[in-house]
Structures are given as C-alpha cells and as structure tokens.
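**Q** Quick one: this structure, given as structure tokens, is what I'll be asking you about.
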C-alpha cells in the first residue's frame, strides 16, 4: 500500500470515528427529566388511559423503558418517522437534551402497564 493511500485511509477512519462520536446519545439527567415530565404524565402516567385521537388505543406506559428506546422514539416523532399527531407535536418542542433527560427519568421509574 502506498504512503498516500495509507494517509487517505487514516484520515477517512478518523473522520468516521469523529462522526460516530457526534451521533452518540447525549447524557440525560433524571432529575431534570422529572421536572420536564408533566406533559408526558397527562397520558402516559394514567393507568388504563385510552386515547381517542386519531384512533382509540391504550397509551403505553413508559416507566422502566430503556432510555435509548425512549430517545429513539421521540426522535422518530420529531422527524416524522412515527406518525401519532399528538406525540409529533410534543416531540417537535423538545431539544435533544430534553429527550435525553426525559429518557433518563423514565428509565429510572418503575415499570407500569396499562390496566386492561
């Protein structure tokens, strides 16, 4: 391998690793997330709650869920990959730090499932 090819390979590898680090999940603060959770509790904190818009379904409980899952879900609502209108509106108002904080908080709370 020539010196030039090796240099290009090293630079490309370094840029790839730097990009991956930039995409790493932000560190969430559970205490800050608790302070931000009132908008979530209105639906996700009520046992057996069912929403009627856009269709009737049982609202999932998010306590005890993995933080990375919650962040990905919120990012999906914000980007439009997930379609629920209420969640899209809420996620649109959240920063990446808000998402990380909420995820950290809910990951530390007890798992609760909706009543049937």
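**Q** Rounded to the nearest 0.05, what FRET efficiency do residue 27 and residue 110 give with R0 = 30 Å and r taken as the Cβ-Cβ distance? Could you check? Before the final figure, lay out the partial values.
**A** Working: r = 22 Å, r/R0 = 0.74.
FRET efficiency, residue 27 to residue 110: 0.85.
**Q** Listing 102, 94, 74 from the residue with the fewest other Cβ atoms within 10 Å to the one with the most, what is the order?
**A** On the way: 102 27, 94 18, 74 21.
Fewest-to-most ranking of 102, 94, 74: 94, 74, 102.
**Q** With r defined as the distance between the Cβ atoms of residue 46 and residue 83 and R0 fixed at 25 Å, what FRET efficiency is calculated, to the nearest 0.05? Could the numbers behind the result be given before it?
**A** Working: r = 22 Å, r/R0 = 0.89.
The pair residue 46/residue 83 has a calculated efficiency of 0.65.
**Q** Using only the C-alpha atoms of the range 27-108, find the volume of their convex hull and express it per residue in Å³.
**A** Working: hull volume 6.8 nm³, N = 82.
In the range 27-108, the Cα hull volume divided by residue count equals 82 Å³.
**Q** Suppose each label sits 7 Å from its Cα in the direction of the beta carbon; what would the residue 39-residue 53 distance come out to in nanometres?
**A** That separation, rounded to one decimal, is 1.6 nm.
Read-outs: derived from the displayed coordinates by stated rules, not from any lab. This structure is a prediction, so every number in the text was calculated from the model and none was measured. As a convention, Cβ positions derive from the backbone with ideal geometry for all residues, glycine included, and neighbour counts pool all protein chains shown.
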